[in-house]
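Engineer: Would you mind keeping the following structure in view while I ask a few things?
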Ligand SMILES: [Zn+2]
């Protein structure tokens, strides 16, 4: 599992390995815990024959500088396909990542930018059929409005193995209600 580290304002900062989370606990950096699930790490044995252990929460908020990391996740196909739930936004069918492509809604050859709001997940067939045309010109309306993920949505995109309580925390801050499922 990965632990979701928040800053003291409760905003996601990074996904960390349990060992890294343990280090934060040991340094007294953990201010509060929000996770419902926990994992227990076992350490060494002391002279009295007692083994040290540390229980970690799945969501921890830590002291330190508050940094805005909302702009740090670049557009890449893995996140794009996950944003669109591995559905082709033209034909509506679900595909495996290897069959999907990044379609530029306004084609790049026509000045369309490579940014979240101008890209859609498309199967190879639809992308080819659309060619260097806009959806209107190709008569291929988009099935969903492409959006730029907010901070919480980005943290969802970054981790494929999100625990239920972590998902509940993140999704309560999603910019829109979506029927996001775990990746294909
Ligand atoms: Zn398609």
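Every number in this text was worked out from the coordinates using simple rules, so none of it is lab data. In this text, all values refer to a predicted model and were calculated from it rather than measured experimentally. Virtual Cβ from ideal backbone geometry, glycine too; neighbours counted across all protein chains shown.
Engineer: Report yes if residue 80 is more than 9 Å from the ligand (Cβ to nearest atom) and touching a residue at least 40 places away in the same chain (Cβ under 8 Å), otherwise no. Even if it seems obvious, please write down each step before you answer.
Structural biologist: Values: more than 9 Å from the ligand (Cβ to nearest atom): yes; touching a residue at least 40 places away in the same chain (Cβ under 8 Å): yes.
The answer is yes for residue 80.
Engineer: When residues of segment 163-175 are filtered for being surrounded by 14 or more Cβ atoms within 10 Å (Cβ to Cβ), without any contact (Cβ under 8 Å) to a residue 60 or more places away in the chain and either part of a loop (DSSP other than H, G, I, E, B) or in contact with a strand residue (DSSP E or B) (Cβ under 8 Å, 6 or more places away or on another chain) (or both), how many remain?
Structural biologist: 2
Engineer: Scanning segment 125-138 for residues that are surrounded by fewer than 14 Cβ atoms within 10 Å (Cβ to Cβ) and either within 11 Å of the ligand (Cβ to nearest atom) or in a helix (DSSP H, G or I) (or both), which turns out nearest to the chain's Cα centre (by Cα)?
Structural biologist: Across segment 125-138, the extreme among qualifying residues is 128.
Engineer: If residue 157 satisfies every condition in (1) out of contact with any strand residue (DSSP E or B) (no Cβ under 8 Å at 6 or more places or on another chain); (2) buried (at least 18 other Cβ atoms within 10 Å of the Cβ); (3) not in a helix (DSSP H, G or I) but one, which is the exception?
Structural biologist: With respect to (1) out of contact with any strand residue (DSSP E or B) (no Cβ under 8 Å at 6 or more places or on another chain); (2) buried (at least 18 other Cβ atoms within 10 Å of the Cβ); (3) not in a helix (DSSP H, G or I), residue 157 is out only on (3).
Engineer: Among 144, 122, which is the only one that is outside any loop (DSSP other than H, G, I, E, B) and either within 16 Å of residue 90 (Cβ to Cβ) or in contact with a strand residue (DSSP E or B) (Cβ under 6 Å, 6 or more places away or on another chain) (or both)? Walk me through it before giving the result.
Structural biologist: Values: 144 fails: outside any loop (DSSP other than H, G, I, E, B).
Only one candidate qualifies: 122.
Engineer: Just name the residue that is surrounded by the fewest Cβ atoms within 10 Å (Cβ to Cβ) out of those in segment 86-98 that are within 9 Å of the ligand (Cβ to nearest atom) and either in contact (Cβ under 8 Å) with a residue 40 or more places away in the chain or more than 14 Å from residue 144 (Cα to Cα) (or both). Give the steps one after another, and end with the answer.
Structural biologist: Filtering segment 86-98 down to residues within 9 Å of the ligand (Cβ to nearest atom) leaves 87-93, 95.
From what is left, the residues that are either in contact (Cβ under 8 Å) with a residue 40 or more places away in the chain or more than 14 Å from residue 144 (Cα to Cα) (or both) are 87, 89-90, 92, 95.
Working: 87: 20, 89: 23, 90: 22, 92: 11, 95: 19.
Filtering first and then ranking leaves 92.
Engineer: Just to verify a result, which residue in segment 46-58, among those that are at negative phi and outside any strand (DSSP E or B), is surrounded by the most Cβ atoms within 10 Å (Cβ to Cβ)?
Structural biologist: Step one: list which residues in segment 46-58 are at negative phi, which gives 46-48, 50-58.
Next, only the ones that are outside any strand (DSSP E or B) stay: 46-48, 50, 58.
Working: 46: 9, 47: 5, 48: 5, 50: 8, 58: 23.
So, considering only residues that are at negative phi and outside any strand (DSSP E or B), the one surrounded by the most Cβ atoms within 10 Å (Cβ to Cβ) is 58.
Engineer: If you don't mind, there's one more thing I want to ask. Scan 64, 35, 112, 43 and give me the residue that is more than 16 Å from the ligand (Cβ to nearest atom), outside any helix (DSSP H, G or I) and at positive phi.
Structural biologist: Details: 35 fails: at positive phi; 112 fails: at positive phi; 43 fails: at positive phi.
Going through 64, 35, 112, 43 in turn, just one is more than 16 Å from the ligand (Cβ to nearest atom), outside any helix (DSSP H, G or I) and at positive phi: 64.
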